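Undergrad: I'd like to ask some things about the structure below.
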Amino acid sequence: MIRLLGYFFGIGAVLFLLGSAGAALYVQSMSEDLPDYQVLASYEPKVTTRFHAADGSLMAEYAKERRLFLPIQTIPDRLKKAYLAAEDKNFYSHPGIDVQGLARAALVVARGEGIQGGSTITQQVAKNFLLTNERSIERKVKEAILSLRIEQAYTKDRILELYLNEIYLGLGSYGVAAASLAYFDKSVNELEIQEAAYLAALPKAPENYNPFRNPDRAMERRNWVIDQMESNGFVNATEAADARAKPLGVNPNRSGTYLFAGEYFTEEVRRQIIQRYGVTALYEGGLSVRSTLDPVLQVAARKALHDGLLKYDEARGFRGPEKTIDIGSDWGAALAEVPGYADVPEWRQAVVLSADTDSVSIGLQPARTISGAVGADRDIASIALEDMRWALRMTVEERTQSVKTADAVLRRGDVVFVEKTVGGGGYRLRQPPKVQGALVSMDPHTGRVLAMVGGFSYAQSEFNRATQANRQPGSSFKPFVYAAALDNGYTPASVILDAAISIPDGNGGYWEPKNYGGEAAGPSTLRAGIEKSRNLMTVRLAKDMGMDLVAEYAERFGVYDKMMKYLPMSLGSGETTVLRMVSAYSVMANGGRSIEPSLIDRIQDRYGRTVYKHDNRGCEVCNAQTWQNQPEPVLVDNREQVLDPMTAYQITSMMEGVVERGTATSIQELGVPVAGKTGTTNEEKDAWFVGYTPNLVTGVYLGYDNPTPLGKGQTGGGLAAPVFTAYMKEALKDKPMVDFHVPEGMTMVSIDRKSGMASEGNGSIMEAFKPGTGPSDSYQVIGNDEMAFSAPPAVVSQETQDAIVQGGAGGLF
């Protein structure tokens, strides 16, 4: 018997040794092709890039995997304990694998019930980072081997850090930081026990515990995690009971652009980041981009441009409904499928249910639930005739007709946009404008773009008219012609002939420019030429000093990269953008220094290191350790001086006259010193106004994307200037009035407004002169070479003046 037992024992020992040897060989074979776990040391997860406004407001997020990386030290203990309770309570004591868990999983496999979990957090790190999701014994063995090696190479905290930042937790979020924002719109430090428990319930199957599709299962799983936290001593009984009694409380943070009204600005920043660092850096690099955008000014800019576009468009009449739908038993479902403008939240879509002479009954587009389903509510409202009176002028197929009743404008089934009336319960009929425009506002001293609107709606058109639309600036280009003259010997009192001119066009014909309105004023000062936007004077001035000089200054100011040297270019017939024009005007506003426009203040990488900074002015003593009665630090401005500061003031003073007496007098209602210039191109296809106060430059453009006449009399002063005024009212609110700085050394002299000669009588004006210059002692007219005047216009005969204006005297042709 003993011999028999020994025999069986021997056989068992041999089989055990053989099995062990086989297992060892199997494990060795599995170990040969394992991934290199040391790559975890240099692991950089795909991290979300975030754009912020100047005040820190979140503008947008970009990511392939929406993740915010958190070092383990910054993750609160409450959240870590929730995951340990749910996933691996023995994490800090086991060697990387849970022997009991593996034994249970092996028994399940032996019974033929398939491969189950039993994975520790370390094993999940091995699987997520180094292996596939294949469900096989081979993968589980590799996972265990890698886990043992990982535990030997890295600390427990590092392993847990990798896990909590890598796991997918649903709603497009990766890692606990992104999930905390996605589900609760909170940072991880703000999470309560039940919220931390819910996030810890998600790793196994986020979609199974979706709070909107499976709220009961989500609540059950969350409470199970709370139970585990209690049983492991992470929370006490009272805390656990209170947490279980609370609802899920999910408050999802909508992904995408968060800052209202900044879509065009955000997209321009996105393009610049891609241009600078590439697509991968944007969507995986975890950049932190601090933009220059001022949210308050951005909202004001959007509203001002919207109001201006709508005012012009509605004056042209109603073009008809967006579409017409069949109204069945549930009009809400059909209406919900009609797309709207997400970035114009004041507007809602509505379907006409009935109409009579004085009003229209409408059904409002129902809201969608978080899951995307159409809501059950059906709201009915009305549009009074008074709130759609502008639509009584109807434009159908380019033909205009007038009607008198509401039911002649809208019919049952028509889908339209509406906006709630101010202070009332009704709605106002709205229409997306065909005309477009742009507004850019900039700090002239730094080049920081504070506000940018590139059109009526980014949802309607992503084309940014502020940066991508090359349009003729028209007369808003003239200040650069006059600045070039003032910088090269002319004065604001220099007199130029405003009269008919005919110039060979090189093709056997003649170019004969005209003033807007067709009139001519005869000899006039440079100031009058700018104030009244005289084309004939500008052409003569450009011809007198040469287009080479005009082109040099236009390129120096950044209006064009390379300007053609033809006389029509002096009237703004070249093409440029609103951003370039605002940047160029900033040179005149800041005293003549070059400016580099920027939408970005600073860029930091995922580790918080600054990799780009717009303001590179130096300051050697800014970091002094103590104050020893030294003067205040001064930032060293090394920017190029592209225009004499005295010239900058002279042209600024002349453009103040545009507001006080010229083509933009409506802007006077601002009640502060403003300099600026209107611009209107041929056939009124483009309307501009670019202007500035000492600390803010703003440019406005209106026109059709496919250049089309805006209509007779639709000028920059009538269309763009009111938008500028509306915006600047908000931008300058509660700010002290500031005068333009007069450079030291300039002399103020009273001159006659017409002759440019010294005078203190009626019709005189104070003019700024540089040292060594002043009003002329004799009456001289630029552009009339054959006739020299020694007396001002009041003395020259009327017959002679008429001849000059008509071009019959002086040999003009």
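Undergrad: Over the chain, what is the relative contact order in percent, taking alpha-carbon pairs closer than 8 angstrom and at least six residues apart?
TA: On the way: 1572 pairs, mean separation 88.1, N = 813.
Contact order relative to length: 11 percent.
Undergrad: Separation of the stretch 178-219 and the stretch 745-782 by C-alpha centroid, Å?
TA: The stretch 178-219 and the stretch 745-782 have Cα centres spaced 76 Å from each other.
Undergrad: With every protein chain kept in the model, how would you rank Leu40, Leu171 by accessible area, 1.4 Å probe, largest at the top?
TA: The residues order as Leu171, Leu40, largest area first.
Undergrad: Please label the shape of the stretch 281-431 as rounded, prolate or oblate, based on the square roots a ≥ b ≥ c of the eigenvalues of the alpha-carbon gyration tensor (a/c under 1.5 means rounded; beyond that, a/b larger than b/c means prolate, else oblate).
TA: Taking the square roots of the gyration eigenvalues as a ≥ b ≥ c, the stretch 281-431 is oblate.
Undergrad: Need the C-alpha centroid separation for the stretch 265-316 versus the stretch 691-716, integer Å.
TA: 19 Å
Undergrad: Hey, another quick one. What residue among Thr446, Trp347, Ile97 has its Cα farthest toward the positive end of the dipole of the chain, where the charges are +1 on Lys, Arg and -1 on Asp, Glu, each on the Cβ?
TA: Toward the positive end, the furthest listed residue is Ile97.
Undergrad: Provide the net charge surrounding Leu536, with neighbours chosen by a C-beta distance below 14 Å and charges set as Lys +1, Arg +1, Asp -1, Glu -1.
TA: Residues close to Leu536 contribute a combined charge of +2.
Undergrad: Using Cα-Cα distances under 8 Å and only pairs 6 or more residues apart, what relative contact order does the stretch 634-786 have, in percent?
TA: Once normalised by length, the contact order is 17 percent.
Undergrad: Still on this structure, please answer the following. Across the Cα atoms of the chain, what radius of gyration and what greatest pairwise Cα-Cα distance (Dmax) are found, in Å?
TA: Expressed in Å, the Cα Rg and Dmax of the chain come to 36.8, 150.
Undergrad: So, one more: For each pair in Lys478/Lys770; Lys543/Lys677; Lys514/Lys712; Lys81/Lys156; Lys434/Lys514, compute the distance between the two Cα atoms and list the pairs where it is over 18 Å.
TA: Distance filter (> 18 Å) returns Lys478/Lys770; Lys543/Lys677; Lys434/Lys514.
Undergrad: Excluding ligands and nucleic acids, what accessible area in Å² is computed for Arg580 using a 1.4 Å probe, to the nearest 10?
TA: Rounded to the nearest 10, the figure is 70 Å².
Undergrad: Amide H to amide H, which residues 5 or more places from Thr525 or on other chains are under 5 Å from it, using H placed in the peptide plane?
TA: Placed amide hydrogens put Ile496 under 5 Å from Thr525.
Undergrad: Report the full-extension gain for the segment Thr421 to Lys404: residue separation times 0.36 nm, less the Cα-Cα distance, to one decimal in nm. Each step should come with its number before you reach the end.
TA: On the way: separation 17, 0.36 × 17 = 6.12 nm, distance 2.14 nm.
Contour length minus Cα-Cα distance gives 4.0 nm.
Undergrad: Round to the nearest 0.05 the FRET efficiency obtained for Val279 and Asp358 when R0 = 45 Å and r is the Cβ-Cβ distance.
TA: So the FRET efficiency works out to roughly 0.20.
Undergrad: For Ser42, Ser586, Ser778, give me the order by solvent-accessible area with a 1.4 Å probe, most accessible first, ignoring ligands, DNA and RNA.
TA: Ser42, Ser778, Ser586
Undergrad: Would you please classify the overall shape of the stretch 479-547 from the alpha carbon gyration tensor, given that a ≥ b ≥ c denote the square roots of the eigenvalues, rounded means a/c under 1.5, and beyond that prolate means a/b larger than b/c while oblate covers the rest?
TA: oblate
Undergrad: With a Förster radius of 30 Å, plug the Cβ-Cβ distance of Thr610 and Thr155 into 1/(1 + (r/R0)^6) and report the FRET value to the nearest 0.05.
TA: Working from the Cβ atoms, E equals 0.50.
Undergrad: Normalised by the number of residues in the stretch 411-457, what is the relative contact order in percent for Cα pairs under 8 Å and 6+ residues apart?
TA: 25 percent
Undergrad: Going toward the positive end of the dipole of the chain, with +1 on Lys and Arg Cβ and -1 on Asp and Glu Cβ, which of Pro709, Ile325, Pro492 do you reach last?
TA: The listed residue farthest towards the positive side: Ile325.
Undergrad: I've got another one for you. All other residues with a Cβ under 9 Å from the Cβ of Arg602 taken together, and with Lys, Arg as +1 and Asp, Glu as -1, what is their net charge?
TA: Residues near Arg602 contribute 0 overall.
Undergrad: Please give the net charge around Ala726, taking every other residue with its beta carbon less than 15 angstrom from that of Ala726, where Lys and Arg add +1 and Asp and Glu add -1.
TA: Combined, the nearby Lys, Arg, Asp and Glu give +2.
Undergrad: State to the nearest 20 debye the size of the charge dipole of the stretch 457-609 about its Cα centre, where the only charges are +1 on K and R beta carbons and -1 on D and E beta carbons. Intermediate results must be reported in sequence, preceding the final value.
TA: Values: 17 positive and 16 negative charges, 62 e Å.
That gives the stretch 457-609 a dipole magnitude of about 300 debye.
Undergrad: Shape of the stretch 317-358 from its Cα gyration tensor (a ≥ b ≥ c, root eigenvalues): rounded if a/c is under 1.5, otherwise prolate when a/b > b/c, or oblate? Don't jump to the answer; show the numbers that get you there.
TA: Working: a/c = 1.87, a/b = 1.09, b/c = 1.72.
Oblate is the answer for the stretch 317-358, as a/c is 1.5 or above yet b/c matches or exceeds a/b.
Undergrad: Next question. Quick one: putting +1 on the C-beta of Lys and Arg, -1 on the C-beta of Asp and Glu, what dipole do you get for the stretch 185-312 around its Cα centre, in Debye to the nearest 20?
TA: Using only the charged Cβ atoms, the result is roughly 520 debye.
Undergrad: Something else about it: What is the distance, in nm, between label points placed 7 Å from the Cα along the Cα-to-Cβ direction at Lys246 and at Ala41?
TA: Rounded to a tenth, the inter-label distance reads 4.2 nm.
The values are calculated or read from the model by the stated rules, or taken from the named source; none is laboratory data. Source: prediction; values computed, not measured. Neighbour counts run over all protein chains shown; Cβ positions are idealised from the backbone, glycine included. Just so you know, the surface numbers come from the protein's heavy atoms only, side chains and all, with ligands and any DNA or RNA stripped out. Shrake-Rupley method; radii C 1.70, N 1.55, O 1.52, S 1.80 Å.
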